[in-house]
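Enquirer: Below is a structure I'd like to ask you about.
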Amino acid sequence: MANNKGAIIFLAILAIAGLGLSGYMFVNDTFLGGDDHTHETEGLKLVALWEDLDENLVNNPLYTTVSNFLIEYEDQIVLETNYVNVINSTRFSLIVPGLYKINLAVVFGGILDVDSTFWVYLMENNTEKAYFERFSTGNPVIDIFYYAKGSLYINATSAENYYEIRAWTGAASGFRVATDSGSPYFNQLSIEYVLG
């Protein structure tokens with residue numbers, strides 16, 4: 001019987017300690033550490049975030065078709081203007097030299113062509129810099145939607161350089177960004193600065 005009381009007391013002490021630690025972590029995360037938008041463990045600082053992306057066929061005359069368009073971002077959640085300069089709804093520049101992580105998550109729809117390949121590029125000064133995603137359809141087309149999600153790192157060397165995100169395919173019917181006002185969180189673009 002005495003052994004059971006000792007075990008119960010030991011477990012009670014662990015439970016109380018666990019509650020105290022989790023309470024501290026809640027207060028620390030929620031009230032003390034939430035305003036600087038940093039991910040200390042990853043060494044990243046969130047400097048821009050947009051939701052509810054769309055396609056844009058008018059901002060750049062090189063990308064004006066449903067097979068070759070720019071990704072548009074207007075629903076701004078976070079923007080640190082010391083790091084990111086928004087030129088228009090499809091073009092931005094990176095002000096502070098250094099390494100940036102750019103994250104893109106977007107649902108594409110209207111994918112109807114069989115045996116076609118689709119690309120999502122990061123463009124720097126109208127030149128392909130890297131790509132977030134490359135995906136292909138089969139024969140038959142299984143689903144008309146595709147969730148493209150990718151990240152890449154770039155070394156920004158000049159605030160004069162500008163960046164755009166281009167979606168391209170050789171498919172005759174093209175494709176589009178699947179927008180849904182009920183679920184804008186599926187389409188997000190974020191930029192993080194890599195802390196030194």
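Every read-out reported here was derived from the displayed coordinates using simple, explicitly stated rules and does not represent laboratory data. Since this is a predicted model, take the numbers as computed values, not measurements. All Cβ positions, glycine included, derive from the backbone under ideal geometry; neighbour counts span all protein chains shown.
Enquirer: Provide the per-residue ³J(HN,Hα) series for the range 138-154, in order, calculated from phi with Karplus coefficients 6.51, -1.76, 1.60 and θ = phi - 60°, each as a whole number of Hz, with x at glycine and proline positions.
Expert: Couplings: x, 10, x, 6, 7, 9, 7, 10, 9, 9, 8, 9, x, 9, 8, 9, 10 Hz.
Enquirer: Let me ask you something else. How far is it, in nm, from the label point at residue 57 to the one at residue 81 when both lie 7 Å from their Cα along the line to the Cβ?
Expert: Calculated label separation equals 3.3 nm.
Enquirer: What distance in nm separates the two pseudo spin-label positions at residue 115 and residue 139, each 7 Å out from Cα along the beta-carbon direction?
Expert: Taking the two extended label points, one gets 0.3 nm.
Enquirer: Quick check: Cα centre of the range 126-171 to Cα centre of the range 77-97, how many Å?
Expert: 19
Enquirer: If amide hydrogens are placed 1.01 Å from N in the peptide plane, which non-local residues have theirs closer than 5 Å to the one on residue 89?
Expert: none
Enquirer: Extension gain residue 157-residue 195, at 0.36 nm per residue separation less the Cα-Cα distance, in nm? Don't skip to the answer; put the middle values down first.
Expert: Values: separation 38, 0.36 × 38 = 13.68 nm, distance 1.54 nm.
Net length gain for the segment: 12.1 nm.
Enquirer: What is the extension gain from residue 176 to residue 88, computed as 0.36 nm multiplied by their sequence separation minus the C-alpha to C-alpha distance, in nm to one decimal? Could you put the intermediate results ahead of the total?
Expert: Values: separation 88, 0.36 × 88 = 31.68 nm, distance 1.99 nm.
In short, 29.7 nm is gained.
Enquirer: If packing is taken as the mean number of other Cβ atoms within 10 Å per residue, what is the order of 67-73, 54-60, highest first? Please list the in-between numbers first.
Expert: Details: 67-73: 22.1, 54-60: 17.4.
The packing order, highest mean first, is 67-73, 54-60.
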